[in-house]
Amino acid sequence: MNADFITVLWKEWKEIVLERSSSGAGSYRPLILIAVLGVFVPFRMRPERFFSPEQLLLPVFLCAFVITAVIADSFAGERERHTLETLLASRLSDRAILFGKIAASLAYGWLISIAAIVVGAITVNVVNWNGQIAMYRDEASWLILLLGPPLLGGVVATAGVLVSLHAATVRQAQQTLAVGFMVLMLGGVFGSSALPAEWKVWFARMLLTWTMAGLVLAAAGVVLAIDLALLLAGMARFQRARLVLD
Amino acid sequence: MAELAIRTQGLTRTFEKVRALDDLTLEVPAGSVFGFLGPNGAGKTTTIRLLLGLIEATSGSAQVLGFDTRTQGDEIRARSGALLEHSGLYERLSAEDNLRFYGRVARMPKAELDQRIQELLTHLGLWDRRKEAVVKWSRGMKQKLAIARPLLHRPGLVFLDEPTAGLDPVAAASLRDDLAGLASRQGATIFLTTHNMAEAEKLCNLVAVIRQGKLLAVGSPTDLRSRGGGQRTEIAGRGFSDAMLATLRQHADVSQASVENGRLILVLKNGAGVAPLVSIIVREGGEVQEVRSGQGSLEDVFLTMMEEDHKE
């Protein structure tokens, strides 16, 4: 299983990188994202703001955004390019194929968000140089840095792979994902504003009793549970006969 | 009895109301090049999918390399190679990476894989362009690479689903030569589906004919020719009208009647005489200048079978 997983990961990684390096303007897209979040945004920022936990949400969402663009291609792309049946006719196990595809897109998104954070940290230090290296100092920041991209990216990757398994084309998968995330976000915003006022007060009071690191860990736990639920759904949906005949 | 690579018994697959494969009972000896012939939609691809354990049979059973397709699909896929309806190549990747991926999937040791990639690509005349993305290649080159892929790990059984479909005659002939060479050197069982009779005649030592999911005949090409093809008669002359063709097709001794390049082609049933047919042609206003008779080709046999089955 491990060797097969690595083999699928290797192939997916090559395809992701080659697709982006052979598609004209598309080849610069990751560099543009890193430049915006790693140079342009931090350029006018004070170190204390840049190295705050809230500021880390940007690269975490960057990771999710990059994965959305990549994961739609995972199965729908293979179906569209008529390579899926050959892949399914190989000796690779269902799990090796599924996990390899998820891991490749996750690794790609993670790498870009880490690159944006590192470049951003260098930019802030260079611009505001005072003889000392500024860095993340609080626990919560390090927790977000370590857990944010893989966990939130994991939700996008596992949800994306589920959509891609169903979609006939990459475009259809991308559109479904985009609409799905928009509905989720808008639902979250409007849903929370529609809550009774006493619930909101109770919730705010409860949050105030938690430390920032505790909040991050609790949120990470919830996101991890969503990750696992989506992964199990993906494993259940991955049926060779259905995929061959779809 | 020869060892069998494939054995099916009453294999049936239905899709809603359509019976794609109907009670297929078949034995394919190990080491043979087996041609599975049939028109589009005959059930050839469904058969391959069933034999690879990719889809389940509605009823009946099949053993491939001794493994049950229903419960041991993993074992079958590990021991076989398959070129399916599409080439299955990753066009963004290079030829070398395409083969390397499937070599790694087959768990070939790196040194052996490197050697095998070089051997296959050199044999197919693709070695010098191994680093290029496949998307830049011609269709013929891609199809050659697609055939190299299932042969890479030297499997005991190779499924090839219409390997020369869509190629020009020159590329198809070249590919057939490569395939014949590779098959004979490797000694694997090859299960080849095609509707190209010349291809089947050239490559296969055993063929089966299928139509609308039903098996019509099995045997060696020579066997089938003598069994069902009868004789092929070519008549040079003039005035071969549609009405005349219709009359000839109704005749009990005629399996097929058509006009090709101005010549009347008749495929007659075994033992049928030509003289009464020449009389009919003359009576219908035709002029006969020359009559040539010979053994029917596999294509004639195939077309006859299709026509007879259609009549039934």
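Listed values, structure above:
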read-out	value
For B:Asp168: the one exception among (1) more than 26 Å from B:Gln256 (Cα to Cα); (2) crowded, with 20+ Cβ neighbours inside 10 Å; (3) of a type in the set (D, E, K, R)	(2)
Qualifying residue in the range B:96-104 (condition: among the polar types (S, T, N, Q) and open to solvent by 10 Å² or more (accessible area, probe 1.4 Å))	no
Residue list for the range B:173-219, filter: among the polar types (S, T, N, Q) and either more than 25 Å from B:Met306 (Cβ to Cβ) or open to solvent by 30 Å² or more (accessible area, probe 1.4 Å) (or both)	B:Ser174, B:Ser184, B:Gln186, B:Thr189, B:Asn196, B:Asn205, B:Gln212
Residue that is nearest to A:Pro53 (Cα to Cα), among those in the range A:145-169 that are part of a helix (DSSP H, G or I), among the β-branched types (Val, Ile, Thr) and open to solvent by 20 Å² or more (accessible area, probe 1.4 Å)	A:Val155
Selection within the range B:253-297 - open to solvent by 70 Å² or more (accessible area, probe 1.4 Å), in contact with a Lys or Arg (Cβ under 7 Å, 6 or more places away or on another chain) and more than 20 Å from B:Glu201 (Cβ to Cβ)	B:Glu287
Within the range B:240-260, tally of residues that are closer than 16 Å to B:Gly285 by Cα and outside any loop (DSSP other than H, G, I, E, B)	8
Condition check for B:Glu119: free of Cβ contacts under 8 Å to residues at least 60 places away in the same chain, touching a helix residue (DSSP H, G or I) at 6+ places or on another chain (Cβ under 9 Å) and open to solvent by 60 Å² or more (accessible area, probe 1.4 Å)	no
For B:Asp68: the one exception among (1) surrounded by fewer than 19 Cβ atoms within 10 Å (Cβ to Cβ); (2) more than 30 Å from B:Met197 (Cα to Cα); (3) facing chain A (nearest Cβ under 8 Å)	(3)
Where a residue in the range B:146-162 is facing chain A (nearest Cβ under 9 Å) and its partner, wherever it lies, is of a type in the set (Phe, Trp, Tyr) and open to solvent by 10 Å² or more (accessible area, probe 1.4 Å), with Cβ under 7 Å and at least six apart	B:Arg149/B:Tyr102
In the range A:128-144, the residues that are open to solvent by less than 80 Å² (accessible area, probe 1.4 Å) and either at positive phi or not in a helix (DSSP H, G or I) (or both)	A:Asn128, A:Gly131, A:Ala134, A:Met135, A:Tyr136, A:Asp138
Residues within the range B:71-81 that are in contact with a strand residue (DSSP E or B) (Cβ under 8 Å, 6 or more places away or on another chain) and surrounded by fewer than 20 Cβ atoms within 10 Å (Cβ to Cβ), tallied	2
Yes/no for B:Lys17 being open to solvent by 20 Å² or more (accessible area, probe 1.4 Å) and within 14 Å of another protein chain (Cβ to nearest Cβ)	no
Criterion: modelled with pLDDT of 90 or more, under 15 Å from A:Gly38 (Cα atoms) and out of contact with any strand residue (DSSP E or B) (no Cβ under 9 Å at 6 or more places or on another chain) - qualifying residue of A:Ile133, A:Ile122	A:Ile122
Test: A:Ala121 is within 14 Å of chain B (Cβ to nearest Cβ) and either assigned to a helix (DSSP H, G or I) or open to solvent by less than 10 Å² (accessible area, probe 1.4 Å) (or both)	no
Odd one out for B:Pro163, checked against (1) in contact with a Ser or Thr (Cβ under 9 Å, 6 or more places away or on another chain); (2) in a helix (DSSP H, G or I)	(2)
In the range A:74-88, the residues that are open to solvent by 10 Å² or more (accessible area, probe 1.4 Å), out of contact with any Ser or Thr (no Cβ under 7 Å at 6 or more places or on another chain) and more than 9 Å from chain B (Cβ to nearest Cβ)	A:Arg79
Unique match (being among the basic types (Lys, Arg), within 12 Å of chain A (Cβ to nearest Cβ) and surrounded by fewer than 18 Cβ atoms within 10 Å (Cβ to Cβ)) among B:Lys131, B:Lys136	B:Lys136
Residues satisfying the stated conditions in the range B:35-58, i.e. among the hydrophobic types (A, V, I, L, M, F, W, C), touching a Ser or Thr at 6+ places or on another chain (Cβ under 7 Å) and more than 14 Å from chain A (Cβ to nearest Cβ)	B:Phe36, B:Leu37
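The values are calculated or read from the model by the stated rules, or taken from the named source; none is laboratory data. Just so it is clear, the model here is predicted, and its values are computed rather than measured. Reconstructed Cβ throughout: ideal geometry from the backbone, glycine too, with neighbour counts over all protein chains shown. Heavy atoms of the whole protein, side chains included, go into the accessibility calculation; ligands, DNA and RNA do not. Shrake-Rupley method; radii C 1.70, N 1.55, O 1.52, S 1.80 Å.
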